[in-house]
Amino acid sequence: MSHDVAAQLSPSVLQSVAARLKRSPLLLPLVGLIVVSTVMAFASDNFFSIDNIVNVLRQQSIIGILAIGMTFVILTGGIDLSVGAVMALCGTLGAGVMVNMGLPGGVGLLAMIVVGILFGLFNGLLVAWGKMPAIIVTLATMLIARGLGLVYSGGYPVSGLPGWISWFGIGRIGGIPAPIIIMVILYALAWILLQRTSFGRHVYAIGGNETAANLSGVNTKRIKLIVFMISGFASAMAAIILTGRLMSGQPGAGVAFELDAIAMVVLGGTAIAGGRGLILGTLIGAVLLGIINNGLNLMGINPYLQDVIKGFIILLAIYIGREWR
Amino acid sequence: MLEMSGIRKAFGPVKVLHGVDLEVRAGEVHALLGENGAGKSTMMKILCGILQADEGTIRIDGKERHFAHYDEAIAAGVGIVFQEFSLIPYLTAVENIFLAREIRTRFGLLNRKVMRARAKEVLDKLGVNVPLDVPVADLSVAEQQFVEIAKALSLDARVLVLDEPTATLTPGEVEYLFRVMRDLRTHGVAIVFISHHLEEIFEICDRITVLRDGGYVGTRAVAEIDTDGLVEMMVGRRIESNFPPKPASHPQARVVIDAEQIQLHKNGPVSAFQLRQGEVLGFAGLVGSGRTETALSIMGAYPAFRVKVEINGDPVPPKNPSEALARGIGLLPESRKEQGLITAFPIMQNISINNYGKYRRLGVFLDLAAERRHTVNAMQEVRVKAPGPDVPCDTLSGGNQQKVVIARWLNHHTPILIFDEPTRGIDVGAKAEIYQLMRKLTEDGYSIIMISSELPEITGLSDRVCVFRSGAIVATLEGDAITSEEIMKHATTGKLRYVA
């Protein structure tokens, strides 16, 4: 009996899993993850320890969350360069609400989320209704967000926050750091939104062919607006973790984070032109980038050289990804 | 001067030209006439070396020529002004005229003085005064046209092809162009003139060659033929079978779209039409006559200047396709690949793209099983031939791709359908199936606007026909009046309606 079932199942199921994997955008990121992990494991004894893996995930959590919003925007064929600066702005203003206005910590956190979503709304309106290219719009709003944070704080960190805020940065549940838990929950929500709601399907449709989506009656402007608001929300969540970790609002934080976030999305197999990619791929991309950073550190490689190596790895990944298709 | 004889050309199995002759004399304006798809453009592309003929010869001044490339045709004295301009918008007239054959100084820098002088010389010869130092994007359409002509003439073209040069010109500018053409004629240039406006042809041309369905019909002197004769040459006799029979007319049917006034452009001509429930309303006319724009303006997908239209009695037209969908209007766009489908996506996503509301669970989550079930049903209803709903659309044939787009709207039950060129680029069998399907839909109460450039399709399938010319409807035909000849006559000479 069990023999029969096994005989029926194993070849066909394996085959269908293999066939699905072969077509899936996840294949190459997974292969990359395995290859890089193996190399790092040989290069450093310490690599596969639980502590080190938890450490990698914790380090990646902030940019990994920014990359969630980035994935939504890139899937529609757009890009959001403002995420790092918006994160800094959220953190600074939210800390200001707690410290300078003396309001409770909860209100401060809420303020961060509101600031993030409103800034996303601003980006989205300019792109969808202003009909300006996302790369230019968010380049400009990146400057605006960064400048606003610095103006508000005079360039200094805003410190003196309620003690419990630190939980978001260094707290643990059952031994797992809070940033990792928050990141995983956000990825799960993003997966549901993209794969199990009509909104998600419309995101993919716009990236696949915006004209066709529009002519079939998809409200393309509204969807584009919402993806930027999601990106703003992701920036705010990243700001909450960062604020918890540093126990202050940092107006200068997150410089060039947008570039790492884009690298994670692309390493995760999402097409930069939109329409194709999976949120799970971005998570793999985030871990992959983290392992590369971590491994190069463990190997004691000159930090300046590390950037050069990272750059070449990204180029190689994109080249292989293109040739594969 | 120019002699093309026995030109044959096939794209794969599709024969587009079978044995076409064209003979143009020096100092003559020669019209090349035919319906959309008759083979005019292909002929001209072969003349210019952009395409190669499978058979046939080209002689210039009695010498046989083979052009493997556009450059070789230019060197032999053939100049062409394409329908879509080939000017670079941010360069000046001078820079455009000398593009890719710039005159350089000894030091390898641009010799701007010489180029400017030569450009001025050519334009002066044309007798036109075009600003030389501003980007051509800032010039009027007519001025751009003259720059194009100057570009061709600066190469000493003795055979000049003008492909629908008047399509975008105002009547005054057309007059001016004709003056330039007459002047060139006296200088011995052989001009091939392509236009759909018969009165222009009668005004400027000496002789006319008519093509039909890739075949040569004949060449006549303008003096010995009239409009009716030309239209008959263009349309000919056709076999109009494989269309399902038309139902008896029912003029008392409910009006679903009542378009009182549609004006595409400010100061442009005005259209009016009605779509009745259960009919196929044909939109006929030449390419660029405003059929698609008019249809799209009803559903908010084209920014027309004035749209006064009632849809099911509601006087507010939809602002965008998303609202049009909510009001029950679906579109099968002209270009499947660019506007209709997300070709890289599976059939299922393409059919359910605008209809996820149907597959909700707990308010927000998608019911994937229901989506699959409905997709399979819709595919069966229109008979999409594919291994399953997960197959990407770019692996399907043109006909099956078209059926996927139709299935999208049937799945949504939008009672008003706009079909723009529904059978373009699909084979005969699939065409017949789509005709049957459209007839079945109207029997089920759907109302269809069908835009088509194929006259047999219009005459064979439409219950009524709106004929377009230069941006608006000039005639609405019914019953026995729906003939190719009648449609062609209105499409080329019909009278436009303006409002004060």
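The values are calculated or read from the model by the stated rules, or taken from the named source; none is laboratory data. Quick caveat, the model's predicted, so the values are computed rather than measured. Heads up, the Cβs are rebuilt from the backbone with ideal geometry, glycines too, and the neighbour counts pull from every protein chain shown. For the accessible areas, the whole protein counts, side chains as well, though only heavy atoms, and no ligand, DNA or RNA atoms are used. Shrake-Rupley method; radii C 1.70, N 1.55, O 1.52, S 1.80 Å.
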Simple label model, 7 Å out from Cα along Cβ direction - residue A:272 to residue B:246, nm: 5.6 nm
Rg/Rh for region B:1-123 to two decimals, with Rh computed the Kirkwood way over all alpha-carbon pairs. 1.05
What total accessible surface area, summed over both chains, is buried at the interface between chains A and B, computed with a 1.4 Å probe and given in Å² to the nearest 100? 1800 Å²
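Determine the dipole magnitude for the protein assembly as shown: charges of +1 sit on the beta-carbon of Lys and Arg, -1 on that of Asp and Glu, nothing else is charged, the reference point is the Cα centre, and the result goes in debye to the nearest 20.
Here the size comes out at about 2080 debye.
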Compute the long axis of helix B:398-412 from its Cα atoms, compare it with the longest principal axis of the Cα atoms of chain B, and write down the angle in degrees, 0 to 90, nearest 10. 40 degrees
With a 1.4 Å probe and all protein chains left in place, how much accessible area per residue does chain B have, in Å²? 43 Å²
How large is ³J(HN,Hα) for each residue in region B:179-191, as worked out from phi by the Karplus curve 6.51 cos²θ - 1.76 cosθ + 1.60 (θ = phi - 60°), to whole Hz, x for Gly and Pro? 4, 4, 5, 5, 5, 4, 4, 5, 7, x, 7, 8, 10
Phi to ³J(HN,Hα) by Karplus 6.51 cos²θ - 1.76 cosθ + 1.60 over region A:33-40, Hz, x for Gly, Pro: 4, 5, 4, 5, 4, 4, 4, 5
If amide hydrogens are placed 1.01 Å from N in the peptide plane, which non-local residues have theirs closer than 5 Å to the one on residue B:302? B:297
Can you give me the relative contact order of region A:156-234 as a percent, contacts being Cα pairs under 8 Å and 6 or more apart? 13 percent
Post the alpha-carbon centroid distance, region A:133-165 to region B:362-405, in whole angstrom. 47 Å
Once amide hydrogens are built 1.01 Å from N within the peptide plane, the residues lying 5 or more places from residue B:471 or on another chain with amide H under 5 Å from its amide H are B:290
Simple spin-label estimate for residue A:211/residue B:253, 7 Å along Cα→Cβ, in nm, reads 3.1 nm
Taking amide H positions as placed in the peptide plane 1.01 Å from N, state which residues far from residue B:256 in sequence (5 or more) or on other chains have amide H under 5 Å from it. B:275, B:276, B:277
Please state the relative contact order of chain B as a whole percent: Cα pairs under 8 Å, 6+ residues apart? 16 percent
May I ask you to evaluate 6.51 cos²θ - 1.76 cosθ + 1.60, the Karplus curve with θ = phi - 60°, for each residue of region A:103-109 and list the ³J(HN,Hα) values in order in whole Hz, giving x for glycine and proline? 7, x, x, x, 5, x, 5
Dipole size in debye (nearest 20) for region B:113-259 around its Cα centre, Lys and Arg Cβ +1, Asp and Glu Cβ -1? 400 debye
How high is the relative contact order of region B:14-107, in percent, with contacts defined as C-alpha pairs under 8 Å that are six or more residues apart? 17 percent
Taking a quarter of the surface of the convex hull around the Cα atoms of region B:349-458, what do you get in nm²? 7.3 nm²
Here the tail fraction of P(r) beyond 40 Å, over all Cα-Cα pairs of the protein assembly as shown, rounds in percent to 52 percent
Roughly speaking, to the nearest percent, how much of chain A's 1.4 Å accessible area is carbon and sulfur? 71 percent
Across peptide B:342-353, how many C-beta atoms of other chains are within 10 Å of each residue C-beta, on average? 4
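Can you tell me the FRET efficiency between residue A:15 and residue B:99 if r is taken as the Cβ-Cβ distance and R0 is 60 Å, rounded to the nearest 0.05?
Working from the Cβ atoms, E equals 0.60.
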Fraction of accessible area attributable to carbon and sulfur, chain B (%, probe 1.4 Å): 51 percent
What whole-number value in Å² describes the accessible area per residue of region A:228-325 for a 1.4 Å probe? 42 Å²
